[in-house]
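Have a look at the structure below before the remarks.
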Amino acid sequence: MARVAIGGFQHETNTFAPTPAALEDFARPGPWPGWTHGAAIFEAVAGINVPIAGFIARAHAAGHQLVPLSWSQAVPSGPVTEAAYEEITGRLIEQLSQALKDGLDALYLDLHGAMVTSHLEDGEGELLARARALVGDDFPIVASLDLHANVTPRMVEYSDALISYRTYPHVDMAATGGRVARHLDRLLEAGPEYALGNVMVQLPFLIPIAAGCTSHEPAQGLYRRLAELEGGAVAALSFNCGFPLADIHHAGATALGCGAEKAAVKDAVIALAEAACDQEGAFKTPVWQTEEAVAHAIAHAGHHGGPIILVDSQDNPGGGADSDSVTIFAELVRQSARDAAVAIVTDREAAAAAHEAGSGRNVTLSLGAKCGWPGQAPFESSFHVEALSDGRFTATGPFYRGARIDLGSMALLRVGGVRVVVASQKMQAADQEIFRHLGLEPALQRILVLKSTAHFRAHFQPIAKEILIVEAPGPNAVDHSGLPYERLRPGLRVMPGGPVYQAAE
């Protein structure tokens, strides 16, 4: 059996978001474990829906000896600082160098594929290049990628296989790690020539993030087509919707494949890319403005049929936002909504003040809007403190499955008939335990506001009466046509059907 080094470094970077990712953002735990080294990785990720956990389970079952390096992730944000990137990458490469002294047969990396740093457009391509320079050309390097990876030529050049998630919400992250482990078995058995079929095709338009949800068309049908094309000489096929909020040359969707016969892989990748291009017009997402969305929800909500969900996509921390906008919350209060709940507003100072006041007491706060994003304003009022927690709970939904969450001090606050979950650290509102651990049952609410884009669907869609995507202020833009891009490939359409990006002269 093989001796395989394993590690990971994950970040999804929104270059338009105001807050960078520093080393401490990777070091501390949050929705997932913090920066972890060596054998501690096994316990830290056990039972969690993350790719490295699936790789570990499958590789152990195959009898491989795993050599853990380090694994880290931070919640999406603005670019990773140079200091954080060089510290984490440097440690990974140093650990890999030490492991090589005792002999290694392969390397697996748990990556996202859309990391931008303050000094690099292609964080993963640089990491893979440094690893390749260390291990040599005939050493297998395989990696799992997020469905929203902005795959680059350097990433393809310096790896033997890149295999991506196939669901959004990403309920198959651990399963993807298992698929990478199975592919590595074939690679080790057949030898380096097995991976010569690495092929990538870039699509000519950016896909809005919400439009890539695989629970409905056109993405649902596209991934069915992927499954039909994969097999035989096409060992692994991926479609990456890309992350359009990264202003880099290689932003955007890609079809990607690997296998022993390059011609067959190329045909499959081109066919998959053409299938996506044929559906270009369908990759559009209808959105509501805040006032009309709230009015509609109040008029049509009721306990029968479940809550109406208002999706605060543009302040989604899963897309890099700071998750501190209170625009929809304020509109719910203004329109006298009742049995409404918002999650999560990230405001460390407000959470601390609520804890100081105590449960059952009132506290005057200036809530939210700390990041200074245009169009946002804090909500100033007296709040009733309904419940408090230390922010530690275990997720039960399909996306965050098994994650041992730690968001610091949390509070459930109320103004009139509207409640808001406040936390000290940001996390996408994609698990019902966010509400339940504070004593609030989400299924019994008339209206829920969730700071998410699609991951919430895995746990909340079964209870929802209706789902509306709302265009409230925030950097996770649902329409890219107004973003001040400067580095895209000339001719790339920034939205399905246009407009076309033109580089400034």
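Points worth noting:
- Between region 93-165 and region 213-238, the Cα center-to-center distance that results, in Å: 24 Å
- Cα shape, the chain, gyration tensor, a/c 1.5 rule: prolate
- Unit charges on C-beta of K, R, D, E only; dipole of the chain, Debye: 1000 debye
- Restriction of the GluC sites (Glu not before Pro) in region 49-138 to DSSP coil positions whose beta-carbon has at most 12 other beta-carbons within 10 angstrom yields no sites.
- Zone residues, region 386-403, relative to Q461, backbone N less than 18 Å from point 7 Å out along Cα-to-Cβ: 396-401
- Net length available on complete extension from H304 to A83 is 74.3 nm, with 0.36 nm assigned per residue and the Cα-Cα distance removed.
- Helical mean residue ellipticity (222 nm; -39500 (n - 2.57) per DSSP H run of 4+; nearest 500) of the chain: -8500 deg cm²/dmol
- Degrees, to the nearest 10: 348-357 long Cα axis against longest axis of the chain: 40 degrees
- Computed E for H60/E217 - FRET, C-beta separation, R0 56 angstrom, nearest 0.05: 0.90
- Selected from A235, H112, V45, residue furthest toward positive end of dipole (the chain; charges at beta carbon): V45
- Entries in K101/K426; K426/K465; K284/K426 that, when Cα-Cα distance is taken, lie over 30 Å: K101/K426
- Summed over the residues of the chain and divided among them, the accessible surface reaches 35 Å² per residue at a probe radius of 1.4 Å.
- Rough spin-label spacing in nm, given labels placed 7 Å along Cα→Cβ, for D102 and A22: 3.5 nm
- Ordering I207, L184, I163 by Cα displacement along the dipole of region 155-224 toward the positive end leaves I207 in first place; charges were set at the Cβ atoms of Lys, Arg (+1) and Asp, Glu (-1).
- Each principal axis of the Cα cloud of region 46-200 was taken in turn, and the coordinate range along them, longest first, works out to 40, 36, 32 Å.
- Tilt relative to the chain, helix 82-100 - C-alpha long axis, 0 to 90 degrees, to 10: 40 degrees
- Protein heavy-atom surface of region 373-495, 1.4 angstrom probe: 47% of the accessible area is carbon and sulfur, with nucleic acids and ligands not counted.
The values are calculated or read from the model by the stated rules, or taken from the named source; none is laboratory data. Just so you know, these numbers come straight off a predicted model, no measurement behind them. Virtual Cβ from ideal backbone geometry, glycine too; neighbours counted across all protein chains shown. Ligands, DNA and RNA are excluded from the accessible area calculation, which covers all protein heavy atoms including side chains. Shrake-Rupley method; radii C 1.70, N 1.55, O 1.52, S 1.80 Å.
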